[in-house]
Amino acid sequence: MSAFDHSVKGVGAVDRVYDGSNLRVGIVHARWNDSVISALVKGAIVKLEAAGVKKENIVVETVPGSYELPYGTKTLIRQQAKNCTPLDVVLPIGVLIKGSTMHFEYIADAVSHGLMKLQFDIDLPVIFGLLTCLTEHQALQRAGLTEDGHNHGEDWGSAAVEMAIKHQNAN
Ligand code: DLZ
């Protein structure tokens, strides 16, 4: 294989095949920018199921907007643990599209830090399913809704299975 066989951007080949058949996965998605969110959630579920995760082991919850993702994610983890159906990984999904004020910057920063902190506080992998787009077109591209687009939800689904197995293997 030459150096030219590797792409510069994007997620590389997986190190091994990950079997998700024993995993329980939580998806928490915002309801803002609904058409983009729907495509991302679908893409994630396609990859989860392709890795063997059973339909009945994928729990989907919603929150109003991306700002609510960190607390909504923590709440779902706790609620599932309380019901004796603990999750192995969570995938919060939100789409922020820059407007004319500073809202975008504050929410993007708060949510990124909130989700990173949450996974260490709760010791469970939390995937970063937040698109931070400068334009609507960028959001559509990254949800695979344009001809040249790619659905990032698919990458997040695969990342969720890999990180859940890695977490299980370490415990
Ligand atoms: C208020 C707001 C704005 C302006 N833009 C977005 C956005 O692009 N994507 C998103 O998910 N949520 C947005 N919100 C809503 C906030 O995330 C939050 O739901 C509200 O401020 C209530 O806390």
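Here is how the numbers come out for the structure above:
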{"quantity": "Residues with amide H under 5 Å from that of Val28, placed H, sequence gap 5 or more", "calculated": "Glu61, Leu91, Ile93"}
{"quantity": "Cα gyration tensor, the stretch 90-161 - rounded (a/c under 1.5), prolate or oblate", "calculated": "oblate"}
{"quantity": "Share of pairwise Cα separations in the stretch 4-46, more than 15 Å, in percent", "calculated": "65 percent"}
{"quantity": "Lys9-Asp109 pseudo-label distance in nm [points 7 Å out on the Cα-to-Cβ vector]", "calculated": "2.6 nm"}
{"quantity": "For the stretch 32-47, 3J(HN,Hα) per residue [Karplus equation, 6.51 cos²θ - 1.76 cosθ + 1.60, θ = phi - 60°, Hz, x = Gly/Pro]", "calculated": "6, 6, 4, 5, 6, 4, 4, 5, 5, 5, 4, x, 5, 5, 4, 6"}
{"quantity": "With every protein chain in place, the chain: carbon and sulfur % of accessible area (1.4 Å)", "calculated": "56 percent"}
{"quantity": "Proportion of all alpha-carbon pairs of the stretch 61-103 beyond 13 Å (%)", "calculated": "58 percent"}
{"quantity": "Label-point separation, Met116 to Ser35 (7 Å along Cα→Cβ), nm", "calculated": "3.3 nm"}
{"quantity": "For peptides 151-163, 36-48, 130-142, sequence by mean Cβ density within 10 Å, most packed first", "calculated": "151-163, 36-48, 130-142"}
{"quantity": "Using θ = phi - 60° and Karplus 6.51 cos²θ - 1.76 cosθ + 1.60, couplings along the stretch 122-127 (whole Hz; Gly, Pro as x)", "calculated": "9, 6, 8, x, 10, 7"}
{"quantity": "Hydrodynamic radius (Kirkwood) for the chain, which is based on Cα pairs only, to one decimal in Å", "calculated": "16.5 Å"}
{"quantity": "The chain, relative contact order [Cα under 8 Å, separation at least 6], %", "calculated": "29 percent"}
{"quantity": "Protection proxy ranking, peptides 15-27, 105-117, average beta carbon neighbours within 10 Å, highest first", "calculated": "15-27, 105-117"}
{"quantity": "Extension gain, Thr62 back to Ser21 (0.36 nm per residue minus Cα-Cα distance, nm)", "calculated": "12.4 nm"}
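The values are calculated or read from the model by the stated rules, or taken from the named source; none is laboratory data. Since the structure is predicted, the reported quantities are computational estimates derived from the model, not experimental observations. In this analysis, Cβ positions are derived from the backbone assuming ideal geometry, glycine residues included, and neighbour counts consider all displayed protein chains. Ligands, DNA and RNA are stripped out before the accessible areas are found, and what is left, the full protein with its side chains, is counted by its heavy atoms. Shrake-Rupley method; radii C 1.70, N 1.55, O 1.52, S 1.80 Å.
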